1. Quick one: in the stretch 413-438, of everything that is at pLDDT below 90 and polar (S, T, N, Q), which residue is nearest to Ile337 (Cα to Cα)?
2. Residue check, Ile329 against (1) out of contact with any helix residue (DSSP H, G or I) (no Cβ under 9 Å at 6 or more places or on another chain); (2) more than 30 Å from Ile30 (Cβ to Cβ), all met but one. Which one?
3. Any residue in the stretch 330-355 that is more than 22 Å from Arg395 (Cα to Cα) and touching a residue at least 40 places away in the same chain (Cβ under 8 Å) sitting within a Cβ distance under 7 Å of a residue that is of a type in the set (S, T, N, Q) and more than 13 Å from the ligand (Cβ to nearest atom)? List the pairs, counting only those 6 or more apart or interchain.
4. Which is crowded, with 21+ Cβ neighbours inside 10 Å, away from the ligand (no atom under 16 Å from the Cβ), under 28 Å from Arg112 (Cβ atoms) and over 23 Å from the mean Cα position of the chain (by Cα), of Glu490, Glu469?
5. When you check Thr396 against the structure, is it in contact with a Cys (Cβ under 7 Å, 6 or more places away or on another chain) and either in contact (Cβ under 8 Å) with a residue 12 or more places away in the chain or of a type in the set (S, T, N, Q) (or both), yes or no?
6. Given the criterion in a helix (DSSP H, G or I), modelled with pLDDT under 95 and out of contact with any His (no Cβ under 7 Å at 6 or more places or on another chain), identify the matching residue among Glu487, Glu442.
7. Restricting attention to the stretch 271-298, which residues are under 22 Å from the mean Cα position of the chain (by Cα) and without any contact (Cβ under 8 Å) to a residue 40 or more places away in the chain?
8. Go through the stretch 428-481 and give me each residue that's acidic (Asp, Glu), in contact with a strand residue (DSSP E or B) (Cβ under 9 Å, 6 or more places away or on another chain) and within 30 Å of Gln285 (Cα to Cα).
Amino acid sequence: MQQHTVLVDSSVSPSRIEYAEVFNVAVPFIDQHIDEGRGWKTAIINDDTGDAITYAQLEDRVNRCGNLLRSLAGESSGRVLMVVKDCPEFFFLFWGAIKAGLIPIPLNTLLRAGDYRHIIEDSECAGLVYSEEYRGEVARALAGSDHQPRFILCTEGPSSVADMMEEASAMLAPAETSADSECFWLYSSGSTGRPKGAVHRHRDIVTTCVHYAADTLGVVEDDICFSAAKLFFAYGLGNAMTFPLWVGATAVLSGQRPTPEMTFDIIEQHRPTLFFGVPTLYAAQLRALDETPRNLSSLRCCVSAGEALPADIFRRWQERTGTLILDGIGSTEALHIFISNTAEDYRPGTSGRVVPGYEARIVDEEGDPVKPGETGRLFIRGDSTATHYWNNAERTAQTMVDGWLNTGDTYYQDNDGYYVYCGRSDDMLKVGGIWCSPVEIEGRLIEHTQVLEAAVVGRADADELIKPEAFVVLKDAGDASDALADELLEHCKEGLARYKYPRWVNFVEDLPKTATGKVQRYRLRS
Ligand code: 3UK
(Lines give C-alpha, C1' and ligand atoms only; values in the text may rest on other atoms or scores of the structure.)
Protein backbone atom coordinates (compact mmCIF):
# COMPACT_ATOMS: atom_id res chain seq x y z
CA MET A 1 0.00 0.00 0.00
CA GLN A 2 1.23 3.49 -0.81
CA GLN A 3 2.46 5.52 2.16
CA HIS A 4 -0.19 7.48 4.12
CA THR A 5 -3.15 5.72 2.52
CA VAL A 6 -6.11 4.29 4.37
CA LEU A 7 -8.44 1.78 2.74
CA VAL A 8 -12.02 1.40 3.92
CA ASP A 9 -14.11 -1.62 2.99
CA SER A 10 -17.73 -0.64 3.63
CA SER A 11 -19.17 -3.82 2.16
CA VAL A 12 -18.79 -5.43 5.58
CA SER A 13 -20.26 -4.25 8.90
CA PRO A 14 -18.47 -2.82 10.73
CA SER A 15 -16.46 -1.33 7.89
CA ARG A 16 -12.91 -2.63 7.76
CA ILE A 17 -10.14 -0.03 7.92
CA GLU A 18 -6.60 -0.73 6.77
CA TYR A 19 -3.61 1.60 7.07
CA ALA A 20 -0.32 1.87 5.23
CA GLU A 21 2.60 1.19 7.52
CA VAL A 22 3.69 4.82 7.25
CA PHE A 23 0.59 6.87 7.93
CA ASN A 24 0.03 10.52 8.77
CA VAL A 25 -3.66 11.36 9.18
CA ALA A 26 -3.16 14.84 7.68
CA VAL A 27 -2.71 13.25 4.25
CA PRO A 28 -6.22 11.77 3.78
CA PHE A 29 -7.87 14.71 5.55
CA ILE A 30 -5.99 17.54 3.81
CA ASP A 31 -3.66 16.58 0.92
CA GLN A 32 -5.95 13.93 -0.54
CA HIS A 33 -8.54 16.48 -1.61
CA ILE A 34 -6.10 18.13 -4.02
CA ASP A 35 -5.32 14.78 -5.67
CA GLU A 36 -9.05 14.13 -5.96
CA GLY A 37 -9.62 17.45 -7.75
CA ARG A 38 -11.46 19.14 -4.90
CA GLY A 39 -9.06 22.10 -4.63
CA TRP A 40 -11.70 24.54 -5.88
CA LYS A 41 -14.32 23.48 -3.33
CA THR A 42 -15.12 25.45 -0.17
CA ALA A 43 -13.82 23.60 2.89
CA ILE A 44 -14.58 26.30 5.47
CA ILE A 45 -17.02 29.18 5.67
CA ASN A 46 -16.07 31.65 8.39
CA ASP A 47 -19.27 33.40 9.42
CA ASP A 48 -17.40 36.02 11.46
CA THR A 49 -15.54 37.42 8.45
CA GLY A 50 -17.56 36.12 5.52
CA ASP A 51 -14.41 34.36 4.21
CA ALA A 52 -14.59 31.07 2.35
CA ILE A 53 -11.48 28.85 2.38
CA THR A 54 -11.11 26.35 -0.45
CA TYR A 55 -9.48 22.95 -0.07
CA ALA A 56 -6.51 24.26 -2.09
CA GLN A 57 -6.09 27.21 0.30
CA LEU A 58 -6.51 24.90 3.25
CA GLU A 59 -3.64 22.70 2.07
CA ASP A 60 -1.43 25.71 1.47
CA ARG A 61 -2.12 27.18 4.94
CA VAL A 62 -1.71 23.83 6.68
CA ASN A 63 1.73 23.39 5.10
CA ARG A 64 2.85 26.90 5.99
CA CYS A 65 1.57 26.55 9.52
CA GLY A 66 3.26 23.16 9.90
CA ASN A 67 6.59 24.62 8.78
CA LEU A 68 6.18 27.60 11.09
CA LEU A 69 5.36 25.47 14.13
CA ARG A 70 8.15 23.03 13.41
CA SER A 71 10.76 25.78 13.16
CA LEU A 72 9.52 27.37 16.40
CA ALA A 73 9.28 24.09 18.30
CA GLY A 74 12.84 23.02 17.47
CA GLU A 75 14.03 20.13 19.62
CA SER A 76 11.28 20.10 22.22
CA SER A 77 8.28 18.12 23.40
CA GLY A 78 6.56 19.22 20.19
CA ARG A 79 3.33 19.81 22.05
CA VAL A 80 1.38 22.91 21.08
CA LEU A 81 -1.45 24.21 23.26
CA MET A 82 -4.27 25.90 21.37
CA VAL A 83 -6.58 28.35 23.13
CA VAL A 84 -8.23 29.19 19.87
CA LYS A 85 -11.79 30.13 18.97
CA ASP A 86 -13.60 28.49 16.04
CA CYS A 87 -11.91 30.02 12.98
CA PRO A 88 -9.91 28.74 9.97
CA GLU A 89 -6.63 29.16 11.91
CA PHE A 90 -7.83 26.39 14.21
CA PHE A 91 -7.71 24.05 11.21
CA PHE A 92 -4.32 25.37 10.01
CA LEU A 93 -2.73 24.92 13.43
CA PHE A 94 -4.22 21.55 14.23
CA TRP A 95 -3.44 19.90 10.89
CA GLY A 96 -0.18 21.80 10.37
CA ALA A 97 1.08 20.47 13.69
CA ILE A 98 0.02 16.90 12.91
CA LYS A 99 1.47 16.97 9.42
CA ALA A 100 4.76 18.28 10.83
CA GLY A 101 4.83 15.52 13.47
CA LEU A 102 3.95 17.82 16.39
CA ILE A 103 1.14 17.26 18.91
CA PRO A 104 -1.66 19.85 18.94
CA ILE A 105 -3.65 20.16 22.17
CA PRO A 106 -6.87 22.16 21.70
CA LEU A 107 -8.10 23.54 25.01
CA ASN A 108 -11.51 24.59 26.26
CA THR A 109 -11.55 28.38 25.73
CA LEU A 110 -13.93 28.82 28.67
CA LEU A 111 -11.31 27.79 31.25
CA ARG A 112 -9.73 30.19 33.71
CA ALA A 113 -6.06 31.02 34.34
CA GLY A 114 -5.70 28.41 37.09
CA ASP A 115 -6.60 25.55 34.77
CA TYR A 116 -4.47 26.90 31.93
CA ARG A 117 -1.52 27.19 34.28
CA HIS A 118 -1.92 23.58 35.35
CA ILE A 119 -2.13 22.43 31.73
CA ILE A 120 0.91 24.49 30.65
CA GLU A 121 2.92 22.84 33.42
CA ASP A 122 1.45 19.37 33.01
CA SER A 123 1.97 19.23 29.23
CA GLU A 124 5.40 20.91 29.27
CA CYS A 125 4.25 22.40 26.01
CA ALA A 126 6.69 23.69 23.42
CA GLY A 127 4.34 26.46 22.45
CA LEU A 128 1.01 28.09 23.07
CA VAL A 129 -1.24 29.74 20.50
CA TYR A 130 -4.24 31.80 21.54
CA SER A 131 -6.97 33.95 20.05
CA GLU A 132 -7.00 37.61 21.07
CA GLU A 133 -10.15 37.10 23.21
CA TYR A 134 -8.24 34.91 25.67
CA ARG A 135 -5.11 37.06 26.00
CA GLY A 136 -5.84 38.10 29.60
CA GLU A 137 -6.51 34.64 30.94
CA VAL A 138 -3.50 33.19 29.10
CA ALA A 139 -1.20 35.97 30.36
CA ARG A 140 -2.29 35.35 33.96
CA ALA A 141 -1.68 31.63 33.52
CA LEU A 142 1.80 32.18 32.10
CA ALA A 143 2.73 34.70 34.80
CA GLY A 144 2.23 32.09 37.51
CA SER A 145 3.58 29.11 35.60
CA ASP A 146 6.68 27.06 36.44
CA HIS A 147 6.98 26.09 32.79
CA GLN A 148 7.57 28.71 30.11
CA PRO A 149 6.81 27.62 26.52
CA ARG A 150 9.46 28.45 23.88
CA PHE A 151 6.95 30.32 21.80
CA ILE A 152 3.67 32.10 22.38
CA LEU A 153 1.65 33.29 19.42
CA CYS A 154 -1.62 35.08 18.87
CA THR A 155 -3.74 34.00 15.89
CA GLU A 156 -4.34 37.60 14.74
CA GLY A 157 -2.59 40.98 14.76
CA PRO A 158 1.10 41.88 14.28
CA SER A 159 3.65 38.99 14.55
CA SER A 160 0.71 36.62 14.63
CA VAL A 161 0.30 33.15 13.19
CA ALA A 162 -1.42 34.71 10.17
CA ASP A 163 1.56 37.06 9.60
CA MET A 164 4.34 34.55 10.15
CA MET A 165 2.65 31.87 8.09
CA GLU A 166 3.07 34.03 4.98
CA GLU A 167 6.84 33.84 5.41
CA ALA A 168 6.89 30.07 5.81
CA SER A 169 7.24 27.60 2.96
CA ALA A 170 4.08 26.14 1.40
CA MET A 171 5.84 22.81 0.85
CA LEU A 172 5.74 20.29 3.67
CA ALA A 173 6.35 16.56 3.48
CA PRO A 174 4.18 14.69 6.02
CA ALA A 175 6.04 13.39 9.08
CA GLU A 176 6.48 9.62 8.78
CA THR A 177 4.23 8.54 11.61
CA SER A 178 2.01 5.45 11.84
CA ALA A 179 -1.68 4.85 12.53
CA ASP A 180 -0.77 4.10 16.15
CA SER A 181 1.51 7.10 16.68
CA GLU A 182 0.52 9.71 19.23
CA CYS A 183 -1.35 12.42 17.31
CA PHE A 184 -3.10 14.95 19.58
CA TRP A 185 -4.38 15.35 23.12
CA LEU A 186 -7.61 16.55 24.63
CA TYR A 187 -7.89 17.54 28.28
CA SER A 188 -10.82 16.12 30.21
CA SER A 189 -11.97 17.13 33.69
CA GLY A 190 -12.95 14.99 36.67
CA SER A 191 -14.85 15.67 39.90
CA THR A 192 -11.62 16.00 41.84
CA GLY A 193 -8.15 16.64 40.63
CA ARG A 194 -6.99 18.69 37.70
CA PRO A 195 -7.87 18.16 34.03
CA LYS A 196 -6.04 15.17 32.52
CA GLY A 197 -4.69 14.88 29.00
CA ALA A 198 -6.25 12.03 26.97
CA VAL A 199 -3.70 10.91 24.38
CA HIS A 200 -5.16 10.09 20.95
CA ARG A 201 -3.56 8.35 17.96
CA HIS A 202 -3.79 9.08 14.24
CA ARG A 203 -6.17 6.18 13.73
CA ASP A 204 -8.65 7.49 16.33
CA ILE A 205 -9.75 10.29 13.99
CA VAL A 206 -10.31 7.91 11.07
CA THR A 207 -12.27 5.47 13.25
CA THR A 208 -14.83 8.09 14.33
CA CYS A 209 -15.23 9.33 10.75
CA VAL A 210 -15.81 5.86 9.30
CA HIS A 211 -17.95 4.23 11.99
CA TYR A 212 -19.96 7.18 13.25
CA ALA A 213 -19.88 9.99 10.66
CA ALA A 214 -20.06 7.98 7.43
CA ASP A 215 -21.70 4.69 8.45
CA THR A 216 -24.06 5.87 11.22
CA LEU A 217 -24.89 9.49 10.45
CA GLY A 218 -24.29 9.23 6.71
CA VAL A 219 -22.25 12.44 6.24
CA VAL A 220 -21.56 12.91 2.51
CA GLU A 221 -19.61 15.26 0.26
CA ASP A 222 -22.60 17.54 -0.38
CA ASP A 223 -23.19 18.19 3.31
CA ILE A 224 -22.63 21.52 5.01
CA CYS A 225 -21.89 20.94 8.70
CA PHE A 226 -22.59 23.46 11.43
CA SER A 227 -21.81 22.68 15.06
CA ALA A 228 -22.91 24.88 17.94
CA ALA A 229 -20.45 22.86 20.05
CA LYS A 230 -17.02 24.40 19.52
CA LEU A 231 -14.02 22.70 17.92
CA PHE A 232 -12.15 22.32 21.21
CA PHE A 233 -14.68 19.73 22.39
CA ALA A 234 -14.14 16.28 20.93
CA TYR A 235 -17.78 16.57 19.85
CA GLY A 236 -17.23 19.80 17.89
CA LEU A 237 -13.85 18.65 16.56
CA GLY A 238 -15.58 15.79 14.78
CA ASN A 239 -18.77 17.65 13.79
CA ALA A 240 -17.20 20.72 12.22
CA MET A 241 -13.74 19.57 11.25
CA THR A 242 -12.83 15.91 10.90
CA PHE A 243 -16.24 14.75 9.56
CA PRO A 244 -16.53 17.28 6.74
CA LEU A 245 -12.83 16.89 5.86
CA TRP A 246 -13.14 13.11 5.68
CA VAL A 247 -15.76 13.25 2.92
CA GLY A 248 -14.79 16.56 1.27
CA ALA A 249 -17.80 18.46 2.63
CA THR A 250 -18.02 22.05 3.97
CA ALA A 251 -17.88 23.35 7.56
CA VAL A 252 -19.43 26.60 8.79
CA LEU A 253 -17.55 28.22 11.69
CA SER A 254 -18.38 31.02 14.09
CA GLY A 255 -16.34 32.33 17.00
CA GLN A 256 -19.48 33.71 18.65
CA ARG A 257 -21.24 32.26 21.66
CA PRO A 258 -23.96 29.87 20.48
CA THR A 259 -27.34 31.49 21.22
CA PRO A 260 -30.60 30.61 19.46
CA GLU A 261 -30.38 33.84 17.41
CA MET A 262 -26.78 33.24 16.38
CA THR A 263 -27.44 29.65 15.33
CA PHE A 264 -30.64 30.54 13.44
CA ASP A 265 -28.95 33.43 11.62
CA ILE A 266 -26.21 31.07 10.48
CA ILE A 267 -28.66 28.37 9.44
CA GLU A 268 -30.68 30.86 7.39
CA GLN A 269 -27.62 32.41 5.78
CA HIS A 270 -25.37 29.41 5.09
CA ARG A 271 -28.05 26.72 4.79
CA PRO A 272 -26.25 23.84 6.53
CA THR A 273 -27.65 20.34 6.04
CA LEU A 274 -26.44 18.98 9.40
CA PHE A 275 -26.69 20.76 12.73
CA PHE A 276 -24.98 19.61 15.91
CA GLY A 277 -26.16 20.94 19.26
CA VAL A 278 -26.55 20.10 22.93
CA PRO A 279 -29.87 19.63 24.78
CA THR A 280 -29.71 22.99 26.60
CA LEU A 281 -29.38 24.80 23.29
CA TYR A 282 -32.23 22.85 21.66
CA ALA A 283 -34.45 23.81 24.61
CA ALA A 284 -33.51 27.49 24.23
CA GLN A 285 -33.99 27.32 20.46
CA LEU A 286 -37.49 25.88 20.93
CA ARG A 287 -38.39 28.78 23.23
CA ALA A 288 -37.08 31.27 20.67
CA LEU A 289 -39.04 29.57 17.86
CA ASP A 290 -42.23 30.06 19.90
CA GLU A 291 -41.63 33.80 19.61
CA THR A 292 -40.33 34.01 16.04
CA PRO A 293 -40.50 31.34 13.35
CA ARG A 294 -37.23 30.86 11.43
CA ASN A 295 -36.33 29.13 8.19
CA LEU A 296 -34.55 25.89 9.09
CA SER A 297 -35.51 24.09 5.89
CA SER A 298 -31.90 23.40 4.86
CA LEU A 299 -31.45 20.93 7.74
CA ARG A 300 -31.81 17.27 6.88
CA CYS A 301 -30.83 16.01 10.32
CA CYS A 302 -29.77 17.24 13.76
CA VAL A 303 -27.54 15.64 16.35
CA SER A 304 -27.42 16.00 20.12
CA ALA A 305 -24.75 14.87 22.57
CA GLY A 306 -22.97 15.98 25.72
CA GLU A 307 -25.86 15.12 28.03
CA ALA A 308 -29.07 13.13 27.64
CA LEU A 309 -31.69 14.63 25.33
CA PRO A 310 -35.11 14.57 27.04
CA ALA A 311 -37.76 12.85 24.88
CA ASP A 312 -39.97 15.92 25.15
CA ILE A 313 -37.39 18.14 23.46
CA PHE A 314 -37.03 15.54 20.69
CA ARG A 315 -40.82 15.57 20.07
CA ARG A 316 -41.24 19.33 20.19
CA TRP A 317 -38.30 19.82 17.78
CA GLN A 318 -39.69 17.25 15.37
CA GLU A 319 -43.12 18.90 15.48
CA ARG A 320 -41.68 22.35 14.99
CA THR A 321 -38.99 21.70 12.37
CA GLY A 322 -39.85 18.33 10.85
CA THR A 323 -36.33 17.06 11.53
CA LEU A 324 -35.04 14.39 13.88
CA ILE A 325 -32.53 15.04 16.63
CA LEU A 326 -30.34 11.96 16.85
CA ASP A 327 -29.08 11.64 20.42
CA GLY A 328 -25.79 9.82 20.89
CA ILE A 329 -23.34 9.43 23.73
CA GLY A 330 -19.66 10.13 23.19
CA SER A 331 -16.72 11.14 25.32
CA THR A 332 -13.37 12.89 25.11
CA GLU A 333 -11.65 9.57 25.80
CA ALA A 334 -13.59 7.78 23.04
CA LEU A 335 -13.16 10.86 20.82
CA HIS A 336 -16.72 10.78 19.51
CA ILE A 337 -20.10 9.05 19.65
CA PHE A 338 -20.14 5.28 20.31
CA ILE A 339 -23.82 4.65 21.09
CA SER A 340 -26.36 6.46 18.94
CA ASN A 341 -29.78 6.73 17.47
CA THR A 342 -29.98 6.79 13.67
CA ALA A 343 -32.50 8.17 11.18
CA GLU A 344 -33.72 4.62 10.51
CA ASP A 345 -33.67 3.38 14.08
CA TYR A 346 -34.31 5.74 16.97
CA ARG A 347 -36.10 5.83 20.29
CA PRO A 348 -36.59 9.23 21.96
CA GLY A 349 -35.32 9.35 25.54
CA THR A 350 -32.59 6.78 24.85
CA SER A 351 -29.03 6.99 23.51
CA GLY A 352 -29.88 4.37 20.85
CA ARG A 353 -27.73 1.37 19.99
CA VAL A 354 -24.01 0.65 19.83
CA VAL A 355 -22.33 2.19 16.78
CA PRO A 356 -20.90 -0.59 14.52
CA GLY A 357 -17.19 -0.89 15.26
CA TYR A 358 -17.72 -0.45 19.01
CA GLU A 359 -18.68 -2.91 21.75
CA ALA A 360 -20.52 -2.06 24.96
CA ARG A 361 -20.82 -3.86 28.30
CA ILE A 362 -22.94 -2.97 31.30
CA VAL A 363 -21.41 -4.42 34.45
CA ASP A 364 -22.11 -4.56 38.19
CA GLU A 365 -19.84 -3.56 41.07
CA GLU A 366 -17.81 -6.76 40.65
CA GLY A 367 -17.30 -6.15 36.96
CA ASP A 368 -19.67 -8.94 35.89
CA PRO A 369 -22.25 -8.29 33.15
CA VAL A 370 -25.67 -7.38 34.60
CA LYS A 371 -28.83 -9.30 33.66
CA PRO A 372 -30.79 -7.86 30.71
CA GLY A 373 -32.68 -4.74 31.79
CA GLU A 374 -30.60 -4.12 34.92
CA THR A 375 -28.57 -0.98 35.43
CA GLY A 376 -24.81 -0.97 35.78
CA ARG A 377 -21.64 0.78 34.75
CA LEU A 378 -21.11 1.24 31.01
CA PHE A 379 -17.80 0.14 29.50
CA ILE A 380 -17.03 0.48 25.81
CA ARG A 381 -14.34 -0.78 23.48
CA GLY A 382 -13.41 0.54 20.06
CA ASP A 383 -10.57 1.70 17.90
CA SER A 384 -10.84 5.42 18.70
CA THR A 385 -10.26 5.36 22.45
CA ALA A 386 -7.35 7.23 24.03
CA THR A 387 -4.41 5.00 24.91
CA HIS A 388 -3.78 6.69 28.29
CA TYR A 389 -3.86 9.90 30.27
CA TRP A 390 -0.60 11.81 30.14
CA ASN A 391 1.36 11.69 33.35
CA ASN A 392 -1.43 10.02 35.30
CA ALA A 393 -0.97 6.27 35.65
CA GLU A 394 -3.54 6.08 38.43
CA ARG A 395 -6.42 7.57 36.44
CA THR A 396 -5.32 5.60 33.38
CA ALA A 397 -5.57 2.35 35.36
CA GLN A 398 -9.05 3.29 36.65
CA THR A 399 -10.39 4.31 33.24
CA MET A 400 -8.66 2.20 30.62
CA VAL A 401 -9.10 -1.40 31.76
CA ASP A 402 -7.90 -4.28 29.52
CA GLY A 403 -8.70 -2.36 26.37
CA TRP A 404 -12.11 -1.30 27.72
CA LEU A 405 -13.01 2.28 28.56
CA ASN A 406 -14.84 2.90 31.82
CA THR A 407 -17.30 5.65 30.87
CA GLY A 408 -18.32 6.46 34.46
CA ASP A 409 -21.96 6.37 33.31
CA THR A 410 -24.82 4.25 34.59
CA TYR A 411 -26.94 2.65 31.87
CA TYR A 412 -29.46 -0.11 31.22
CA GLN A 413 -30.70 -1.67 28.00
CA ASP A 414 -34.48 -1.57 27.53
CA ASN A 415 -36.50 -4.55 26.25
CA ASP A 416 -35.71 -3.66 22.66
CA GLY A 417 -32.01 -3.20 23.26
CA TYR A 418 -31.86 0.61 23.30
CA TYR A 419 -29.38 2.02 25.80
CA VAL A 420 -30.92 4.25 28.47
CA TYR A 421 -28.82 6.78 30.40
CA CYS A 422 -29.38 6.83 34.17
CA GLY A 423 -26.75 9.29 35.38
CA ARG A 424 -23.12 9.46 36.34
CA SER A 425 -21.43 7.07 38.73
CA ASP A 426 -19.56 10.03 40.25
CA ASP A 427 -20.89 13.45 41.30
CA MET A 428 -19.91 15.15 38.05
CA LEU A 429 -22.52 17.28 36.28
CA LYS A 430 -22.99 18.01 32.61
CA VAL A 431 -24.27 21.57 32.21
CA GLY A 432 -25.07 22.57 28.67
CA GLY A 433 -23.04 19.55 27.60
CA ILE A 434 -19.90 20.72 29.42
CA TRP A 435 -18.31 19.14 32.48
CA CYS A 436 -18.92 20.84 35.74
CA SER A 437 -17.35 19.62 38.96
CA PRO A 438 -19.39 20.20 42.14
CA VAL A 439 -16.12 20.28 44.06
CA GLU A 440 -14.85 23.20 42.00
CA ILE A 441 -18.02 25.27 42.49
CA GLU A 442 -18.01 24.47 46.21
CA GLY A 443 -14.39 25.59 46.36
CA ARG A 444 -15.29 28.91 44.81
CA LEU A 445 -18.26 29.44 47.16
CA ILE A 446 -16.08 28.76 50.18
CA GLU A 447 -13.68 31.50 49.05
CA HIS A 448 -16.43 34.00 49.90
CA THR A 449 -15.80 35.49 53.33
CA GLN A 450 -19.31 34.82 54.65
CA VAL A 451 -19.46 31.16 53.57
CA LEU A 452 -18.55 28.37 55.96
CA GLU A 453 -19.40 25.30 53.89
CA ALA A 454 -21.07 24.53 50.59
CA ALA A 455 -22.33 21.53 48.64
CA VAL A 456 -23.36 21.54 45.00
CA VAL A 457 -25.64 19.03 43.28
CA GLY A 458 -27.46 18.78 39.97
CA ARG A 459 -31.11 19.74 39.76
CA ALA A 460 -33.38 19.37 36.74
CA ASP A 461 -34.87 22.61 35.39
CA ALA A 462 -38.24 22.98 33.62
CA ASP A 463 -36.78 21.34 30.47
CA GLU A 464 -35.50 18.37 32.50
CA LEU A 465 -31.94 19.58 32.01
CA ILE A 466 -29.42 19.47 34.83
CA LYS A 467 -28.11 22.71 36.34
CA PRO A 468 -26.00 23.27 39.50
CA GLU A 469 -27.82 23.99 42.77
CA ALA A 470 -25.89 25.16 45.85
CA PHE A 471 -26.54 24.45 49.52
CA VAL A 472 -24.65 26.99 51.61
CA VAL A 473 -23.89 27.11 55.33
CA LEU A 474 -23.04 30.66 56.39
CA LYS A 475 -20.58 31.57 59.13
CA ASP A 476 -23.38 33.69 60.57
CA ALA A 477 -26.80 32.21 59.73
CA GLY A 478 -28.36 35.63 60.36
CA ASP A 479 -26.70 37.00 57.18
CA ALA A 480 -28.92 34.92 54.88
CA SER A 481 -30.74 37.17 52.38
CA ASP A 482 -31.67 37.37 48.71
CA ALA A 483 -29.03 40.04 48.32
CA LEU A 484 -26.34 37.71 49.65
CA ALA A 485 -27.57 34.92 47.38
CA ASP A 486 -27.16 37.29 44.39
CA GLU A 487 -23.73 38.27 45.63
CA LEU A 488 -22.69 34.61 45.75
CA LEU A 489 -23.87 34.12 42.18
CA GLU A 490 -21.75 37.07 41.04
CA HIS A 491 -18.83 35.71 43.04
CA CYS A 492 -19.13 32.39 41.18
CA LYS A 493 -19.54 33.97 37.75
CA GLU A 494 -16.34 35.93 38.32
CA GLY A 495 -14.17 33.08 39.48
CA LEU A 496 -15.45 30.19 37.38
CA ALA A 497 -16.14 29.44 33.73
CA ARG A 498 -19.47 31.21 33.11
CA TYR A 499 -21.69 28.18 32.71
CA LYS A 500 -20.72 26.82 36.13
CA TYR A 501 -22.51 29.29 38.42
CA PRO A 502 -25.27 27.77 40.62
CA ARG A 503 -28.76 28.58 39.31
CA TRP A 504 -30.26 28.16 42.81
CA VAL A 505 -28.75 29.04 46.19
CA ASN A 506 -30.26 27.58 49.39
CA PHE A 507 -29.05 28.67 52.81
CA VAL A 508 -29.05 25.73 55.23
CA GLU A 509 -28.05 25.11 58.85
CA ASP A 510 -25.73 22.22 58.07
CA LEU A 511 -24.88 19.66 55.38
CA PRO A 512 -25.58 15.90 55.50
CA LYS A 513 -22.32 14.06 56.11
CA THR A 514 -20.96 10.57 56.55
CA ALA A 515 -19.34 9.51 59.84
CA THR A 516 -16.00 10.41 58.28
CA GLY A 517 -17.20 13.89 57.41
CA LYS A 518 -17.67 13.43 53.66
CA VAL A 519 -20.59 15.45 52.28
CA GLN A 520 -23.39 13.20 51.04
CA ARG A 521 -24.39 15.07 47.94
CA TYR A 522 -26.92 12.42 46.96
CA ARG A 523 -29.02 13.32 50.03
CA LEU A 524 -29.36 16.89 48.79
CA ARG A 525 -30.63 15.93 45.34
CA SER A 526 -34.34 16.58 44.99
C1 3UK B 1 -22.06 12.45 29.12
C2 3UK B 1 -24.05 11.93 27.70
C3 3UK B 1 -26.14 11.12 28.15
C4 3UK B 1 -21.68 11.10 29.68
C5 3UK B 1 -18.85 14.06 23.78
C6 3UK B 1 -20.11 13.50 21.84
O7 3UK B 1 -19.77 14.82 25.84
C8 3UK B 1 -18.78 14.42 25.25
O9 3UK B 1 -17.57 14.23 25.88
P10 3UK B 1 -17.17 14.61 27.37
O11 3UK B 1 -15.85 14.00 27.65
O12 3UK B 1 -18.28 13.92 28.30
C13 3UK B 1 -18.57 12.54 28.25
C14 3UK B 1 -19.73 12.26 29.20
O15 3UK B 1 -20.82 13.13 28.90
N16 3UK B 1 -22.78 12.35 27.84
C17 3UK B 1 -22.31 12.67 26.61
N18 3UK B 1 -23.26 12.48 25.68
C19 3UK B 1 -24.36 12.01 26.32
N20 3UK B 1 -24.93 11.48 28.60
N21 3UK B 1 -26.52 11.17 26.86
C22 3UK B 1 -25.67 11.61 25.91
N23 3UK B 1 -26.04 11.68 24.62
O24 3UK B 1 -21.61 11.24 31.08
C25 3UK B 1 -20.30 10.87 29.09
O26 3UK B 1 -19.53 9.94 29.82
O27 3UK B 1 -17.31 16.08 27.58
C28 3UK B 1 -20.05 13.85 23.18
C29 3UK B 1 -18.99 13.37 21.09
C30 3UK B 1 -17.78 13.56 21.67
C31 3UK B 1 -17.71 13.90 23.03
N32 3UK B 1 -16.50 14.13 23.57
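1. Of everything passing the filter in the stretch 413-438, Ser425 is nearest to Ile337 (Cα to Cα).
2. Result: Ile329 fails condition (2) only.
3. Pairs found: Gly352/Thr342.
4. None of the others qualify; the one that does is Glu469.
5. No.
6. Going through Glu487, Glu442 in turn, the sole match is Glu442.
7. Ala284, Gln285
8. Residues satisfying the conditions are Glu440, Asp461, Glu469.
The values are calculated or read from the model by the stated rules, or taken from the named source; none is laboratory data. Computed from a predicted model, the values in this text were never measured in an experiment. Methodologically, a virtual Cβ is constructed for each residue, glycine included, from the backbone with ideal geometry; neighbour enumeration extends over all protein chains shown.
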